[in-house]
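S.K.: Dumping the structure here so I can ask a few things about it.
The values are calculated or read from the model by the stated rules, or taken from the named source; none is laboratory data. Small disclaimer: the values here were computed from a predicted structure and weren't measured. Cβ placement follows ideal geometry from the backbone for every residue including glycine, while neighbour counts extend to all protein chains displayed.
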Ligand SMILES: Cc1cc2nc3c(=O)[nH]c(=O)nc-3n(C[C@H](O)[C@H](O)[C@H](O)COP(=O)(O)OP(=O)(O)OC[C@H]3O[C@@H](n4cnc5c(N)ncnc54)[C@H](O)[C@@H]3O)c2cc1C
């Protein structure tokens, strides 16, 4: 079987590996429009039961990748989740699901021990181990693109759909396959539009800022302030750690619908807001840089996978801010579909059929699916 994958980001990369491992000939085309520069968060402490199941399966995929590629894809992390007390009832119900996903979770009081400050009176702090990781996508992408059997093409691809036939065009050349997979992230809707297809996805701008601060060796999900913080997780961070310092990356779930290519820089309001919130939780923090990229959402803020009219054209996307958490599991489901012709149960809530043909041309972006206390 020959499969052409358009988009070698987080999900396209893992999909290429999973198919290659099963003897499929893979052509992976990537335009180099978005690259992770530091490890990404993988968390099982999510809000929906089906997402938690995907995140657990993704963790297993990462562990398989680690052993087969001989690298350490996952760096296990502690996490602290800060919630307002009024949200504890809902969160307590989730804690049982997190335990089932092998996270160990307990409420703590002394956050000063972790270098954190109390911001308002009614905060609850949940410490977790076994629930979170940082994923080394930088190395993963480099290795999978270099695999002998994966034909990696660095170029922008377009699709032509004529009656019942599909072709992928790269640099004026046509690529043929038994299946064509669109995993072009925030560019999915542009790729589909180029082929005259309509899909239930909108792109938006995702932003993050980095600070030099006192050392933190855990991920902080702060639902009182509405931000997350995590150590950069790279070699430089480990060196700084020896002097009690960290590079901390912070961001929020705020989102702004915009097509890739239209934005030039990180928003000033975002920087002001994140800087002041990071400082109110950590104390001194020196702003050292920021970056933005693009994410995408479906109308219900959950990922989507499935065939698009023709059986051999498949879309996988809509991962908003949690593609490293749930993406590999859907890549595994898609692998099973291509090889066996049916979707595993865990993928069924994400099938594109749930939208029928009836989604709006635009919609408001709600809370990202991985966020709590909504
Ligand atoms: C600053 C920032 C921080 C983030 N942090 C996290 C995190 O910690 N954890 C987490 O789970 N998620 C995080 N996310 C979200 C995460 O990046 C997305 O959920 C994820 O990248 C979606 O994966 P994807 O494979 O669908 O798309 P992408 O990873 O965006 O990959 C799409 C790929 O398609 C390629 N492409 C586009 N058009 C074409 C074309 N025409 N031809 C060929 N190739 C094409 C692009 O070059 C790109 O490589 C973050 C996002 C940003 C911007």
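S.K.: Please count how many residues of the range 232-250 are free of Cβ contacts under 8 Å to residues at least 24 places away in the same chain and not in a helix (DSSP H, G or I).
M.R.: 2
S.K.: Okay, next question. Determine whether residue 265 is touching a residue at least 24 places away in the same chain (Cβ under 8 Å) and part of a loop (DSSP other than H, G, I, E, B).
M.R.: For residue 265, the condition - touching a residue at least 24 places away in the same chain (Cβ under 8 Å) and part of a loop (DSSP other than H, G, I, E, B) - is met.
S.K.: Working only within the range 263-277, note down all residues that are surrounded by 15 or more Cβ atoms within 10 Å (Cβ to Cβ) and within 15 Å of the ligand (Cβ to nearest atom).
M.R.: The answer is 263, 266, 267, 270, 271, 274.
S.K.: Within the range 219-241, how many residues are away from the ligand (no atom under 14 Å from the Cβ) and either at pLDDT 95 or above or surrounded by fewer than 19 Cβ atoms within 10 Å (Cβ to Cβ) (or both)?
M.R.: Residues flagged as away from the ligand (no atom under 14 Å from the Cβ) and either at pLDDT 95 or above or surrounded by fewer than 19 Cβ atoms within 10 Å (Cβ to Cβ) (or both) within the range 219-241 amount to 11.
S.K.: So, of the residues in the range 178-207 that are more than 14 Å from the ligand (Cβ to nearest atom) and at pLDDT below 95, which turns out to be surrounded by the most Cβ atoms within 10 Å (Cβ to Cβ)?
M.R.: 198
S.K.: Scan the range 224-237 for residues that are touching a helix residue (DSSP H, G or I) at 6+ places or on another chain (Cβ under 7 Å) and over 19 Å from residue 137 (Cα atoms) and jot them down.
M.R.: Listed by number, the residues that qualify are 225, 227.
S.K.: Could you list all residues from the range 16-35 that are surrounded by fewer than 17 Cβ atoms within 10 Å (Cβ to Cβ) and within 22 Å of the chain's Cα centre (by Cα)?
M.R.: 32, 33, 35
S.K.: Quickly run through the range 9-43 and pick out the residues that are in a strand (DSSP E or B) and either more than 7 Å from the ligand (Cβ to nearest atom) or out of contact with any strand residue (DSSP E or B) (no Cβ under 9 Å at 6 or more places or on another chain) (or both).
M.R.: Selection gives 25, 26, 27, 28, 43.
S.K.: Collect the residues in the range 332-353 that are out of contact with any strand residue (DSSP E or B) (no Cβ under 8 Å at 6 or more places or on another chain) and over 23 Å from residue 177 (Cα atoms), keeping them in residue-number order.
M.R.: Result: 344, 345, 346, 348, 349.
S.K.: Check the range 66-74 and report whether any residue there is on the phi < 0 side of the Ramachandran plot and without any contact (Cβ under 8 Å) to a residue 40 or more places away in the chain.
M.R.: yes
S.K.: Residue check: is residue 341 modelled with pLDDT of 95 or more, buried (at least 19 other Cβ atoms within 10 Å of the Cβ) and at positive phi?
M.R.: no
S.K.: Within the range 251-262, does at least one residue satisfy the condition of being in contact with a strand residue (DSSP E or B) (Cβ under 8 Å, 6 or more places away or on another chain), assigned to a strand (DSSP E or B) and within 13 Å of the ligand (Cβ to nearest atom)?
M.R.: For the range 251-262, residues in contact with a strand residue (DSSP E or B) (Cβ under 8 Å, 6 or more places away or on another chain), assigned to a strand (DSSP E or B) and within 13 Å of the ligand (Cβ to nearest atom): present.
S.K.: Among the residues of the range 298-321, count how many are within 10 Å of the ligand (Cβ to nearest atom) and modelled with pLDDT under 95.
M.R.: Counting residues in the range 298-321 that are within 10 Å of the ligand (Cβ to nearest atom) and modelled with pLDDT under 95 gives 2.
S.K.: Quick check on my filter: what residues within the range 106-126 are touching a residue at least 60 places away in the same chain (Cβ under 8 Å) and either within 26 Å of the chain's Cα centre (by Cα) or under 20 Å from residue 89 (Cβ atoms) (or both)?
M.R.: 120, 123 - these are the residues of the range 106-126 that are touching a residue at least 60 places away in the same chain (Cβ under 8 Å) and either within 26 Å of the chain's Cα centre (by Cα) or under 20 Å from residue 89 (Cβ atoms) (or both).
S.K.: Out of the residues in the range 242-257 that are at pLDDT 90 or above and surrounded by 15 or more Cβ atoms within 10 Å (Cβ to Cβ), state the one that is farthest from residue 221 (Cα to Cα).
M.R.: 245
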